[in-house]
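Each remark here refers to the structure printed beneath this line.
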Amino acid sequence: MNIWFATNNKHKKTELEAVLGTKLKIPSEEGLEFNPIESGSQFYENTLIKASALYELLKIKEPVIADDSGLCVDALDGRPGVHSAYYGYTENKKLSSHEQNLLLLEELGDSKNRKARFICSMVLYFGSGRFYIVQEKMEGEITRKDGIKGDGGFGYDPVFFLPEYNKTLAQLSEEEKNAVSHRGKAGRLIADYLSIIHNGKN
């Protein structure tokens, strides 16, 4: 049984494959044009939008996993939130991950409240009305202005500080990150459900 992942982000694919212990197919590697409009106001809404969009593209209907995740910063009233991937974008300009991190630090400024969390909603989708959805989070802090550190991970990982490790998420090994991350936690719940299905208990 093939399992599809509704993303074109190869970093996400690699992370989730490590958590699930299985290979995933993504649209960009299979010649499928996939760019759904993520119009939801909540993470789980965008997750279902992406999952159903990819499911409908498939000629042979196979299970689809989709996730929507983002960074929520308390001092910014929860922003960038569901718009994390497009934070700072304008009609004429897209920002690199590094530029988004610089923008985030600039917007947060010298605020003493650096509390933030990553949230991940993830769905295992078998068609309309047939899905299993979970949501997990990871608590941490945003670094100070000179605090872009680490070469691992992607996105906001270099500015997301974990006090218990005294490191940013980008400074952790892949194994350490998957053990504590929002996506790792959600992925393990999905893996548990896949195991139940595989063993014929559902």
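The values are calculated or read from the model by the stated rules, or taken from the named source; none is laboratory data. Everything quoted here is computed from the prediction, not taken from an experiment. Neighbour counts run over all protein chains shown; Cβ positions are idealised from the backbone, glycine included. These area figures cover heavy atoms from the full protein model, side chains too; ligands, DNA and RNA do not enter into them. Shrake-Rupley method; radii C 1.70, N 1.55, O 1.52, S 1.80 Å.
Report yes if some residue within region 149-156 is at pLDDT 95 or above, surrounded by 17 or more Cβ atoms within 10 Å (Cβ to Cβ) and touching a Lys or Arg at 6+ places or on another chain (Cβ under 7 Å); otherwise report no.
Checking region 149-156: not a single residue is at pLDDT 95 or above, surrounded by 17 or more Cβ atoms within 10 Å (Cβ to Cβ) and touching a Lys or Arg at 6+ places or on another chain (Cβ under 7 Å).
Please give the number of the condition L95 fails out of (1) farther than 25 Å from K115 by Cβ; (2) among the aliphatic types (A, V, I, L, M); (3) free of Cβ contacts under 8 Å to residues at least 24 places away in the same chain.
Only one criterion in (1) farther than 25 Å from K115 by Cβ; (2) among the aliphatic types (A, V, I, L, M); (3) free of Cβ contacts under 8 Å to residues at least 24 places away in the same chain is unmet by L95, namely (1).
Is one or more of the residues making up region 17-32 under 21 Å from A170 (Cβ atoms) and in contact with a Leu (Cβ under 6 Å, 6 or more places away or on another chain)? Steps first, please.
We begin by selecting, within region 17-32, every residue under 21 Å from A170 (Cβ atoms); these are 17-19.
When the remaining residues are screened for being in contact with a Leu (Cβ under 6 Å, 6 or more places away or on another chain), the result is 17.
Looking for residues that are under 21 Å from A170 (Cβ atoms) and in contact with a Leu (Cβ under 6 Å, 6 or more places away or on another chain), one finds at least one in region 17-32, hence yes.
Tally the residues that are among the aliphatic types (A, V, I, L, M) and open to solvent by 20 Å² or more (accessible area, probe 1.4 Å), restricting the search to region 84-133. Show your work before the answer.
Filtering region 84-133 down to residues among the aliphatic types (A, V, I, L, M) leaves 85, 95, 102-105, 108, 116, 119, 122-124, 133.
If we keep only those that are open to solvent by 20 Å² or more (accessible area, probe 1.4 Å) too, we end up with 85, 95, 102-103, 119, 133.
Total meeting the criteria: 6.
Count, please, the residues in region 26-68 that happen to be open to solvent by 60 Å² or more (accessible area, probe 1.4 Å) and basic (K, R).
2
Specify the residue that is most open to solvent (accessible area, probe 1.4 Å); the eligible residues are those in region 69-83 that are touching a residue at least 12 places away in the same chain (Cβ under 8 Å) and more than 18 Å from the chain's Cα centre (by Cα).
D74
Which number in (1) over 13 Å from the mean Cα position of the chain (by Cα); (2) under 18 Å from L16 (Cβ atoms) marks the one condition that G155 misses?
Condition not satisfied by G155: (1).
Please give the strands (runs of 3 or more DSSP E) falling wholly within region 89-202 in which 2 or more residues are in contact with a helix residue (DSSP H, G or I) (Cβ under 9 Å, 6 or more places away or on another chain) and more than 20 Å from N46 (Cβ to Cβ).
Values: elements: 115-125, 131-142, 160-162.
The strands (runs of 3 or more DSSP E) meeting that bar are 131-142, 160-162.
Among the residues of region 17-28, is there at least one that is at pLDDT 95 or above, more than 21 Å from N178 (Cα to Cα) and of a type in the set (A, V, I, L, M)?
no
Picking from I133, I196, which residue would you name as being more than 18 Å from the chain's Cα centre (by Cα) and not small (G, A, S)?
Values: I133 fails: more than 18 Å from the chain's Cα centre (by Cα).
That would be I196, the only listed residue that is more than 18 Å from the chain's Cα centre (by Cα) and not small (G, A, S).
What single numbered condition from (1) part of a helix (DSSP H, G or I); (2) crowded, with 18+ Cβ neighbours inside 10 Å fails to hold for T14?
That leaves (2) as the condition not met.
Looking at V159, V134, can you tell me which residue is modelled with pLDDT of 95 or more, of a type in the set (V, I, T) and under 30 Å from I60 (Cβ atoms)? Spell out how you get there, then give the answer.
Numbers: V159 fails: under 30 Å from I60 (Cβ atoms).
Going through V159, V134 in turn, the sole match is V134.
Let me confirm something: among S173, S181, S195, which residue is in contact (Cβ under 8 Å) with a residue 24 or more places away in the chain and small (G, A, S)?
Working: S173 fails: in contact (Cβ under 8 Å) with a residue 24 or more places away in the chain; S195 fails: in contact (Cβ under 8 Å) with a residue 24 or more places away in the chain.
Residue meeting the stated conditions: S181.
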